Amino acid sequence: MVDLSIIQFALLALVTFFAAMTQSITGFGFALLTLPFYVLILDLQSAVQLTLISTFIITIILVPVVYKNAPLQTCKQLIQGSCFGFPLGFILLNYATTTSIQIFVSVVIFSAIFISFFLKKQLSSNSENIKSSALKTGLYGFVSGMMTTSIAMPGPALAFYAQNNSLGKQETRAMIFMVFLFSYGTAILLQLFMNGIFETTRGSLVYVLIPAIFGTLFGNKISGKIPDKIFRKFVNLILILTATYLLLSNMIKLLG
């Protein structure tokens with residue numbers, strides 16, 4: 001078990017609760033909010049494992065609640081794309097530095113924000129565009145899969161897909177959790193096969209499991225009271241703040 005001071009434990013529980021609540025409301029956000037804090041206590045690989053397992057538990061709790069709203073064809077295309085991204089993300093985790101991975105993630109998020117702001121989605125019913133749409137959906141899945149196995153963050157790519165395709169709040173949550181069920185389950189199996197579960201991960205899970213469950217239940221309870229418009233703004237705010245934090249904190253490390 002990881003030896004934590006009272007202050008560290010309190011902060012860990014608070015961050016985990018708030019992150020789980022955010023994830024339950026928006027469909028993503030747990031890794032975005034917890035991983036920068038977890039790496040202050042654990043090494044990157046243990047922090048990633050802890051995030052993977054915690055998010056998988058949150059997903060198992062919520063999938064029975066939201067699955068009926070999931071766009072199944074879209075989920076299938078995203079999952080297919082993520083399968084191609086898993087190996088690249090795993091290579092990054094094992095060979096890249098913490099700083100370089102986090103800077104990479106912040107650049108990806110900012111780039112996606114830029115693209116989604118300036119590009120308009122063109123709708124068409126002809127078969128050529130349907131194939132193109134499936135390919136684009138798979139590309140979002142590829143990025144999501146890569147970010148799953150590298151830093152346990154498949155959510156941003158899925159959130160951008162939902163934003164750019166005008167999915168409603170319930171569809172967004174359902175889609176993300178359905179993909180998460182596959183992505184996090186696969187990522188955990190890869191970790192078990194390649195690295196096993198580190199002792200520090202098992203020890204830390206004791207501290208985060210209860211706050212994560214309570215945060216999930218509370219977030220799900222209040223999610224229905226949040227209008228779609230505010231929901232979309234909340235999603236964008238989380239993405240922007242997280243990308244800004246990751247970029248600035250790691251640039252300071254490099255310059256310092």
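The values are calculated or read from the model by the stated rules, or taken from the named source; none is laboratory data. Since the structure is predicted, the reported quantities are computational estimates derived from the model, not experimental observations. As a convention, Cβ positions derive from the backbone with ideal geometry for all residues, glycine included, and neighbour counts pool all protein chains shown.
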Keeping to the stretch 88-99, report how many residues are of a type in the set (Gly, Ala, Ser) and in contact (Cβ under 8 Å) with a residue 60 or more places away in the chain.
-> 1
Test: residue 242 is among the β-branched types (Val, Ile, Thr), assigned to a helix (DSSP H, G or I) and at pLDDT 80 or above | no
Applying the selection to the stretch 153-182, what residues are part of a helix (DSSP H, G or I), under 10 Å from the mean Cα position of the chain (by Cα) and not hydrophobic (A, V, I, L, M, F, W, C)?
-> 155, 156
Of everything in the stretch 245-256 that's assigned to a helix (DSSP H, G or I) and modelled with pLDDT under 80, which residue is farthest from the chain's Cα centre (by Cα)?
-> 255
Going through (1) at pLDDT below 85; (2) surrounded by 13 or more Cβ atoms within 10 Å (Cβ to Cβ) one by one, residue 220 fails only at (1)
Check 213, 226 and return the single one that is out of contact with any Asp or Glu (no Cβ under 6 Å at 6 or more places or on another chain), β-branched (Val, Ile, Thr), outside any loop (DSSP other than H, G, I, E, B) and over 24 Å from residue 95 (Cβ atoms).
-> 213
Within the stretch 52-103, which residues are assigned to a loop (DSSP other than H, G, I, E, B) and either in contact with a Gly (Cβ under 8 Å, 6 or more places away or on another chain) or not β-branched (Val, Ile, Thr) (or both)?
-> 70, 71, 96
Within the stretch 1-24, the residues that are surrounded by fewer than 24 Cβ atoms within 10 Å (Cβ to Cβ), closer than 19 Å to residue 214 by Cα and among the β-branched types (Val, Ile, Thr) are 15, 22
